[in-house]
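The values are calculated or read from the model by the stated rules, or taken from the named source; none is laboratory data. This one's a predicted model, so the numbers in the text were calculated from it and none came from an experiment. Here the Cβ positions follow ideal geometry from the backbone for every residue, glycine too, while neighbour counts run over all protein chains shown. Surface accessibility is based on the protein's heavy atoms, side chains included, excluding ligands, DNA and RNA. Shrake-Rupley method; radii C 1.70, N 1.55, O 1.52, S 1.80 Å.
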Amino acid sequence: MESQFYRAMPQLRLKSEDAYYLPNLTIAPLVSANSPAVEVMTDLHRIAAVTIAFDALIDDANQQMISHGVRTLIVVDDDRHVIGIVTSTDILGEKPMQITHERRIHHVEILVHDVMTPANRLEVIDLQAVLNARVGDVLETLKHSRRQHALVVSQATGGKHVVRGIFSATQIARQLNVASSQPEIEHNFC
């Protein structure tokens, strides 16, 4: 990097009576049902997806969700190929109890791939549809599918699909500034 192409920016000294303030933190901008859908999509080109290995323990997945403040993890193999989704409902719901009963194993032995929804059972939304949609369309899609989340995919070179984003009913409710955008949504990805 040659310094001749760059210039130092001017700096100021504030007077002692001037105060420094931090801006109010807003997690996400407020939107309306008529706002562009992309305004409520978590763009995975800008924010790293929270992932978990398919052979991780569900207790580790639960801790991962808690530490990242999310309710859904993308399940990946060793090459970071998406092989499924695991939600907090998958981990904390009835699935683990059924598995312990059926397989006669302890809860601490249950793996993510035992409770996840495999990729071939996921319904996704094409990014091109999202670019032409509104927030209300996303809400209607979640309501129609009775899901809390929806994955958005785009097509990469070679015809492969890339997970480009995620819609979350909880996040959308926050951005709409309502307590719950869709109380009738009962299921996650399963």
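Loop-resident trypsin sites (Lys or Arg not before Pro) (DSSP state other than H, G, I, E or B) in the stretch 89-153 with no more than 10 further Cβ atoms inside 10 Å of their Cβ: Arg104.
Straight-line cross-link partners of Lys95 among the lysines, defined as a Cα under 27 Å from its Cα and at least 8 positions apart when in the same chain: Lys143.
In order along the stretch 41-58, the Karplus-derived 3J(HN,Hα) couplings, from 6.51 cos²θ - 1.76 cosθ + 1.60 at θ = phi - 60°, round to 8, 6, 7, 6, 7, 10, 10, 5, 5, 8, 10, 8, 6, 4, 9, 6, 6, 5 Hz, and Gly and Pro are given as x. Phi angles across the stretch 102-109 convert, under the Karplus curve 6.51 cos²θ - 1.76 cosθ + 1.60 with θ = phi - 60°, into 3J(HN,Hα) values of 5, 9, 6, 10, 7, 3, 5, 9 Hz, Gly and Pro given as x.
Per residue, the convex hull around the alpha carbon atoms of the chain comes to 223 Å³. A cut-off of 5 Å between modelled amide H atoms, ignoring neighbours fewer than 5 places along the same chain, links Arg164 with Val152, Val153, Ser154. For the stretch 92-129, GluC sites (Glu not before Pro) meeting the loop criterion (DSSP other than H, G, I, E, B) and having at most 15 other Cβ atoms within 10 Å: Glu123.
Solvent-accessible surface (1.4 Å probe) assigned to Thr141 amounts to roughly 60 Å².
Heavy-atom accessible area, probed at 1.4 angstrom with all protein chains present, ranks Tyr6, Tyr20 as Tyr20, Tyr6, highest first. Note on the chain: with a GNM built from Cα contacts shorter than 10 Å, the maximum mean-square fluctuation among Thr117, Thr51, Thr100 falls on Thr100. With the alpha-carbon atoms of the stretch 58-136 aligned to their principal axes, the span from lowest to highest coordinate is 49, 26, 25 Å, starting with the largest. By the rule of a C-alpha distance below 20 Å, with chain neighbours fewer than 8 residues away ignored, no aspartates and glutamates are paired with Lys15.
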